[in-house]
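Contents: one structure, followed by commentary.
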Ligand SMILES: [Zn+2]
């Protein structure tokens, strides 16, 4: 029998990690969210490096458990999840596929810092398009939406409110 490390590649593991959803936004995987930074093997042990989206994110424990359970299901039992806080996660790491999934889910994906983390609207920035109808006639209603990382907008085209995932 081959030693375990030659049976798996980091690329394969990264593929499998697409099955691990973000607990807060289940339509997006932790890979497309951009929090999985690296996969490597040290002998038979698989080390997955993740960077939390926001400091003190309570979902991290859940994500670590999900990673272990998905990889365990593939026969990878020695998994170590390593948290790296620096460099800090940024919405730039979100994949195009992840942004599209957010839009379909009804959340406007992050763009060039229309609202920064402190919640200050920067007027020079382009408007956030409505994920429902695509209208750019949208208005910021609340700097904090369903969670602190989102802002609440209303579309003046279709009248619907929507969350905007703040760039950061
Ligand atoms: Zn709309």
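Scanning region 12-31 for residues that are touching a residue at least 24 places away in the same chain (Cβ under 8 Å), assigned to a helix (DSSP H, G or I) and in contact with a strand residue (DSSP E or B) (Cβ under 8 Å, 6 or more places away or on another chain) gives 13, 14, 17, 19, 30.
If you scan region 53-74, which residues turn out to be part of a loop (DSSP other than H, G, I, E, B) and in contact (Cβ under 8 Å) with a residue 40 or more places away in the chain?
Of the residues in region 53-74, the ones part of a loop (DSSP other than H, G, I, E, B) are 53-59, 74.
Correct list: 53, 54, 74.
Taking the conditions (1) in contact (Cβ under 8 Å) with a residue 40 or more places away in the chain; (2) within 17 Å of residue 90 (Cα to Cα) in turn, residue 50 satisfies each one other than (1).
Look through 13, 48, 27, 79 and report the one residue that is modelled with pLDDT under 95 and not assigned by TED's automatic domain parsing to the domain that holds residue 132. Criteria check complete, one pass: 27.
Counting only residues that are crowded, with 22+ Cβ neighbours inside 10 Å and under 10 Å from the mean Cα position of the chain (by Cα), region 32-50 holds 4 of them.
The values are calculated or read from the model by the stated rules, or taken from the named source; none is laboratory data. Worth saying up front: this structure is predicted, and the values here are computed from it rather than measured. When we count neighbours, we look across all protein chains shown, and the Cβ atoms used for this are built from the backbone with ideal geometry, even at glycine.
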